[in-house]
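Enquirer: Below: one structure in structure tokens.
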Amino acid sequence: MSIVAISETVGSLGIEIGRKLAENLGWEFADREILSKASEQFGEDVTELRHSVEEKPTLWERFSDTQHCYKAYVEAIMLEMAARDNVVLAGRSSTIVLRPIPHVVRVRTSAPERSRAQRLENEMGLTNEAALNFVRHSDRERAARVKFLYQLDVDDSLLYDLVLNTERLTVEKGAALIRETLRDGRFQSIESGRREVVDLSLAALARAALIAHPQVEAHRLTVTCKDGNVSLTGGVREDEQRTVAADVVGRIPGVVSVVNEIVVMHLGRATV
């Protein structure tokens with residue numbers, strides 16, 4: 001039992017390799033499904049969510065909280081899927097989001113620009129020049145987005161356990177190489193690791209649910225989770241917000257209890 005996260009450059013077969021791997025192992029696979037589920041669960045437009053994880057942020061977005069809200073929604077869904085184990089997650093910065101989990105195999109797929117462009121020519125019916133421009137534009141956009149959200153260089157090989165140059169690799173061979181890596185005992189989940197993922201998932205779902213709720217000042221709150229017990233700390237301005245926050249989190253499936261330590265600030269004095 002394990003988890004695979006794949007980061008791909010466009011045209012490098014990462015999605016195809018991930019699907020083939022999941023098919024061979026009988027595991028769940030998620031790519032666009034991550035965004036569609038986040039859209040459904042948190043009531044956001046799927047197009048906006050896709051922009052928030054794939055494209056360079058605009059100047060306005062750099063000074064607003066919107067993109068960080070979208071980030072929280074997408075991360076919550078990824079961690080929820082990871083908590084089920086035996087899953088392949090592709091794109092959406094999954095290799096970065098799942099870094100704290102020791103039994104995740106983090107894979108990067110890439111290939112020379114012209115090899116990737118040639119694949120896009122065949123798949124999308126583009127001219128060679130248009131395909132090459134598409135590849136370069138996509139690389140810049142995705143790198144800028146990761147830098148903005150996580151302050152990391154997506155091309156840093158140290159972020160990954162396995163880096164595949166797919167210029168001469170088939171989809172089947174790429175999947176086989178990942179499958180071989182999965183045999184290493186270091187990537188096999190154990191009970192303590194699975195509990196850790198569940199706690200990370202519940203904390204992420206709680207943060208996202210609080211952000212999505214119109215009555216809660218989520219930016220003022222901190223969420224942690226241990227063995228399914230969620231703790232809420234921070235400050236709000238009204239008693240109702242404190243009550244609503246605990247109620248929202250308590251409704252999340254898998255939450256055992258809610259320790260509500262949110263402080264209500266009443267004109268200079270605090271109450272719990």
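Enquirer: Classify region 23-158 as rounded, prolate or oblate, taking a ≥ b ≥ c as the square roots of the eigenvalues of its Cα gyration tensor: rounded when a/c is under 1.5, otherwise prolate if a/b is larger than b/c and oblate if not.
Expert: Values: a/c = 1.59, a/b = 1.20, b/c = 1.32.
Judged from the Cα gyration tensor, region 23-158 comes out oblate (a/c at least 1.5, b/c at or above a/b).
Enquirer: Once the piece of chain linking Asn122 and Asp155 is laid out straight, how much longer is it, given 0.36 nm per residue of separation minus the C-alpha distance between them? All intermediate terms of the calculation are to be shown ahead of the outcome.
Expert: Details: separation 33, 0.36 × 33 = 11.88 nm, distance 2.57 nm.
So the extension gain works out to 9.3 nm.
Enquirer: What does the extension gain come out to for Asp227 and Ala246, with contour length at 0.36 nm per residue minus their alpha carbon separation?
Expert: Values: separation 19, 0.36 × 19 = 6.84 nm, distance 1.72 nm.
That pair, Asp227 and Ala246, stretches by 5.1 nm at full extension.
Enquirer: Where in the chain are the helices, taken as whole DSSP H runs, whose Cα atoms extend 20 angstrom or more along the long axis and whose Kyte-Doolittle mean reaches at least 0.0?
Expert: Counting only whole DSSP H runs, the qualifying helices are 66-82, 191-212.
Enquirer: Could you name the lysines in cross-link range of Lys37, using Cα to Cα under 18 Å and dropping any fewer than eight places away on the same chain?
Expert: Result set, ordered by chain and number: Lys71.
Enquirer: Give me the 1.4 Å probe accessible area per residue for the chain, excluding ligands and nucleic acids, in Å².
Expert: Numbers: 13560 Å² over 272 residues.
The answer is 50 Å² per residue.
Enquirer: Additional query: Determine which lysines satisfy two conditions relative to Lys20: a Cα distance under 21 Å, and not lying fewer than 8 residues away in the same chain.
Expert: Within the straight-line cut-off, Lys20 pairs with Lys173.
Enquirer: A further question on this structure: Using a Gaussian network model on the chain with a 10 Å cutoff between Cα atoms, which of Ser12, Ser157, Ser201 fluctuates the most?
Expert: Comparing Ser12, Ser157, Ser201 in a Gaussian network model of the chain, the most mobile one is Ser157.
Enquirer: Share of the chain's accessible area from carbon and sulfur, percent, 1.4 Å? Before the final figure, lay out each step's value.
Expert: Working: 6690 of 13560 Å².
C and S fraction of accessible area: 49 percent.
Enquirer: Once you have a ≥ b ≥ c as the square roots of the Cα gyration tensor eigenvalues for region 126-199, tell me rounded if a/c is under 1.5, and otherwise prolate or oblate according to whether a/b is larger than b/c. Please report the intermediate quantities before stating the final value.
Expert: On the way: a/c = 3.14, a/b = 1.50, b/c = 2.10.
Oblate, since a/c reaches 1.5 and b/c is not below a/b.
The values are calculated or read from the model by the stated rules, or taken from the named source; none is laboratory data. Source: prediction; values computed, not measured. When the accessible area is computed, the model is the full protein with side chains, heavy atoms only, and any ligands, DNA or RNA have been set aside. Shrake-Rupley method; radii C 1.70, N 1.55, O 1.52, S 1.80 Å.
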